[in-house]
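A quick write-up on the structure given underneath.
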Amino acid sequence: MSDFNFPGLILEYFGLKKAKIHKEKTYYVCESAAGEKLKIYRTQAAPHEINLAHSIKEHVVSSGFPYVDRFLVGETGKPYVSLGRDTYVAVYYAKGREIHFDVGEDVLRGIEALAHFHKSARGGIIDGVIAPPSLLTTFAKESAELAGYVKQVRRKSALSEFDVLFIKHADYYTEQISKAIDSLNQGQYDHWFSDAAANRHICHGAVKEETMSITAEGECYISDFSSAAVDLQLNDLAAMIRRHANRAGQEAIPAKDLMEAYSRVIKVPPEASKLVHEMLTFPVSFMKLTAQYFSKKRAFTPNAIINRLMTGIGEKENYEAYINKLS
């Protein structure tokens, strides 16, 4: 079934028969008779994944954080409707504009909202929420993958421009991964990870421009909980700090100040703060680029990925200096 062959049936399921509706590129925007704005779209998520995201959102709302894109529940009590092989959801439209990670004021509002979300996303008994692999497991796996890429390049008889750049700087990034793994072990990462699992801490898992928006009143909404899991919530904080550092460059707010803004809502012990430094040490962007390049299903233009690699390599010393001020 093509997208939205039967918008009338979807509106009827969600009790929106009298709603005003117009189509955007990949979704519909609907305004209910009560003046509420909703986004209706086809999703690739399985029903159990939608139910899980719905349960998490309802938990954080009931715990005091209302700034999420809640699902609208239909006539059968489900937050989705299936038509043929397609599944559709309706969510309350996240108000405002996308957060700008290069703007300090935006980032501070986002950090504060993230902390309030984390505070509300604890202790809930939500069926189906599982913990992902620990960072130590993930880092060790990616370290092995990086070693494999190095061997692959060294076996080549002719190197591409990307290969030359990659092999020249691979030792540096290998060392960064080793530092991150060693420091996480010394910082008792497993203890903090187990504590987060035992106390049901929900981590959003995908904080970025597309999932955070700021209203004219300064409220920050968090949307799209498809990556949410029981995990160490400091992962989200590290992701925000990393994104801000990469976007803002020399104008970035010191990581310590961002940590302090978060700690005004949720106190972060000094020993846990060290974990954030190690999370930031891991070369996320470099590993994503190399995985893209060495993938058999390349979906990029050569010049674009080379330019991204050159940019990241050119900024690595400034980034390292930035995060080291946190330690």
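The values are calculated or read from the model by the stated rules, or taken from the named source; none is laboratory data. In this text the structure is predicted, and so the values were computed from the model without any measurement. Because the Cβ atoms are built from the backbone with ideal geometry, glycine has one as well, and the counts that use them run over all protein chains shown.
For the range 197-228, which residues satisfy the criterion of being aliphatic (A, V, I, L, M) and either surrounded by fewer than 19 Cβ atoms within 10 Å (Cβ to Cβ) or without any contact (Cβ under 8 Å) to a residue 60 or more places away in the chain (or both)?
Correct list: Ala197, Ala198, Ala206, Ala216.
Consider Arg200 against the criteria (1) closer than 23 Å to Ala291 by Cβ; (2) part of a loop (DSSP other than H, G, I, E, B); (3) basic (Lys, Arg): it satisfies all of them except one. Which criterion is unmet?
The one condition Arg200 does not meet is (1).
Starting from the range 308-327, take each residue that is in contact (Cβ under 8 Å) with a residue 12 or more places away in the chain and list its partners that are part of a helix (DSSP H, G or I) and charged (D, E, K, R), counting only C-beta distances under 6 angstrom and pairs at least six apart or across chains.
That search, which allows pairs on different chains as well, returns Leu326/Lys256.
Determine, yes or no, whether Leu184 is buried (at least 22 other Cβ atoms within 10 Å of the Cβ), in contact (Cβ under 8 Å) with a residue 24 or more places away in the chain and closer than 23 Å to Val265 by Cβ.
No; evaluated as a whole, the condition is false for this residue.
A quick yes/no check of all residues on (1) aromatic (Phe, Trp, Tyr); (2) farther than 18 Å from Cys220 by Cβ; (3) assigned by TED's automatic domain parsing to the domain that holds Ser194:
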residue	(1), (2), (3)
Gly35	no, yes, no
Arg85	no, yes, no
Ile99	no, no, no
Arg122	no, yes, yes
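List the number of the failed condition for Lys274; all other conditions in (1) in a helix (DSSP H, G or I); (2) of a type outside the set (Ser, Thr, Tyr); (3) at pLDDT 95 or above hold.
Answer for Lys274: the failing condition is (3).
If you go through the range 222-230 one residue at a time, do you hit one that is among the acidic types (Asp, Glu), assigned to a loop (DSSP other than H, G, I, E, B) and closer than 29 Å to Leu309 by Cα?
Yes; the residues of the range 222-230 include at least one that is among the acidic types (Asp, Glu), assigned to a loop (DSSP other than H, G, I, E, B) and closer than 29 Å to Leu309 by Cα.
On the given criteria, is Tyr262 assigned by TED's automatic domain parsing to the domain that holds Phe193 and either closer than 28 Å to Val129 by Cα or assigned to a loop (DSSP other than H, G, I, E, B) (or both)?
So Tyr262 fits the description; yes.
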